[in-house]
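Undergrad: I am attaching a structure below and will ask some questions about it afterwards.
The values are calculated or read from the model by the stated rules, or taken from the named source; none is laboratory data. All values derive from a computational prediction rather than experimental measurement. Cβ coordinates were reconstructed from backbone atoms using ideal geometry, including for glycine residues, and neighbour counts include every protein chain displayed.
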């Protein structure tokens, strides 16, 4: 991502499917599909994670539709997870250049647009956004009308390992089902082994598609996963 942040990929510790953000906020890179509707499939989930030993406990986690007021907090998660998850996988100069301010502007415009072709959810605890996901119609060249896509899933680095990412994935999948899609895809960096194992544990399978993108002088290699809904 950049100060425009590049794409998004699904990853653990940061879940990151491909979702390019270096486009103008007025024309974000979501494929045409169901009109963006923040109330679509609206669900509020209240959970208490019961853990043992020294594992952290997350109370009062909620998954809800994102609103324009969430733009700054989403941007902080967006930038922070790139800088945390991809340190060592991307040049430090690139990661250090990522701008929360530019991402805030982007998300304000996206979330203020009632016709935006995508759905965005946030994970919130005690009024703080600790993660988000966005889904919609597939943007791939070989897409079929019945194929949806998880564009992005990010979890704040201080809240990883608490089930936030899993709940966001489940919410994204359920939203795509309710929008009428029969299958879903997502893109992951090929080196993101932990994230890949996470998706595989939830039933996602590599479908053989790969791609390489040039980002500010370095290459990003990605693999695609697919799930029958």
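Undergrad: Tell me, which residue of the stretch 152-169 that is touching a helix residue (DSSP H, G or I) at 6+ places or on another chain (Cβ under 9 Å) and within 20 Å of residue 185 (Cα to Cα) is surrounded by the most Cβ atoms within 10 Å (Cβ to Cβ)?
TA: That would be 153.
Undergrad: Is one or more of the residues making up the stretch 124-135 surrounded by fewer than 18 Cβ atoms within 10 Å (Cβ to Cβ) and under 16 Å from the mean Cα position of the chain (by Cα)?
TA: No, because not a single residue in the stretch 124-135 is surrounded by fewer than 18 Cβ atoms within 10 Å (Cβ to Cβ) and under 16 Å from the mean Cα position of the chain (by Cα).
Undergrad: If residue 127 passes every condition in (1) more than 22 Å from residue 181 (Cβ to Cβ); (2) touching a strand residue (DSSP E or B) at 6+ places or on another chain (Cβ under 8 Å); (3) modelled with pLDDT under 95 but one, which one does it miss?
TA: Of everything listed in (1) more than 22 Å from residue 181 (Cβ to Cβ); (2) touching a strand residue (DSSP E or B) at 6+ places or on another chain (Cβ under 8 Å); (3) modelled with pLDDT under 95, residue 127 misses just condition (2).
Undergrad: Just to be sure before I move on: is residue 148 part of a helix (DSSP H, G or I), on the phi < 0 side of the Ramachandran plot, in contact (Cβ under 8 Å) with a residue 24 or more places away in the chain and buried (at least 20 other Cβ atoms within 10 Å of the Cβ) in the structure I sent? Walk me through it before giving the result.
TA: Working: part of a helix (DSSP H, G or I): no; on the phi < 0 side of the Ramachandran plot: yes; in contact (Cβ under 8 Å) with a residue 24 or more places away in the chain: yes; buried (at least 20 other Cβ atoms within 10 Å of the Cβ): yes.
For residue 148, the condition - part of a helix (DSSP H, G or I), on the phi < 0 side of the Ramachandran plot, in contact (Cβ under 8 Å) with a residue 24 or more places away in the chain and buried (at least 20 other Cβ atoms within 10 Å of the Cβ) - is not met.
Yes/no matrix, rows are residues, columns are (1) exposed (fewer than 12 other Cβ atoms within 10 Å of the Cβ); (2) assigned to a strand (DSSP E or B); (3) in contact with a strand residue (DSSP E or B) (Cβ under 8 Å, 6 or more places away or on another chain):
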residue	(1), (2), (3)
198	no, no, no
203	yes, no, yes
207	no, yes, yes
213	no, yes, yes
220	no, yes, yes
224	no, yes, yes
